[in-house]
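Undergrad: Handing you this structure, nothing more for now.
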Amino acid sequence: MKLIDKINKFRDDRDWRQFHNEKDLSLSIVLEASELLEIFQWKTSEEGIENIEAIKDELADILFYSLMLADNLELDIEEIIEAKLAKNRQKYPIDKS
């Protein structure tokens, strides 16, 4: 079973689908990213990563919601990342000077 199918099954088993529209998923991504930021706020990077379990939890939440949003919109994750990498290569070429 693919990862997104496992996530969707977890959601569907709990009848949470109605809460996972595109707008609410987008809001959830931002909220979870803010919770990740809180781990590092007013700390050095080294101090922040001391709480690696909290980092893993928040990052997983961000990825859950991101994958569900992509799935709702029928977007292929690898395809959109490859396309963005291609854009970034053009926008930020390697400086060979």
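Throughout, read-outs are computed from the coordinates displayed, never taken from laboratory work. Keep in mind it's a predicted model, so treat the numbers as computed, not measured. Backbone-built Cβ (ideal geometry, glycine too); neighbour counts: all protein chains shown.
Undergrad: Counting other Cβ atoms within 10 Å of each Cβ, which trypsin sites (Lys or Arg not before Pro) in the range 62-97 have at most 12 and sit in a DSSP loop?
TA: Of the trypsin sites (Lys or Arg not before Pro), the ones in loops of the range 62-97 whose Cβ has at most 12 other Cβ atoms within 10 Å are K96.
Undergrad: Which of the lysines could a cross-linker span from K96 if the Cα-Cα distance has to be under 30 Å and same-chain partners fewer than 8 positions apart are dropped?
TA: K84, K87
Undergrad: In Å and on Cα atoms, what radius of gyration and Dmax does the chain show?
TA: Cα radius of gyration and Dmax of the chain are 16.8, 57 Å respectively.
Undergrad: Where nothing but the Cβ of Lys and Arg (+1) and of Asp and Glu (-1) is charged, how large is the charge dipole of the chain around its Cα centre, in debye to the nearest 20?
TA: 440 debye
Undergrad: Another question, if that's okay. For the range 15-64, what class follows from the C-alpha gyration tensor (a ≥ b ≥ c being the square roots of its eigenvalues): rounded when a/c is under 1.5, otherwise prolate if a/b is larger than b/c, else oblate?
TA: Prolate.
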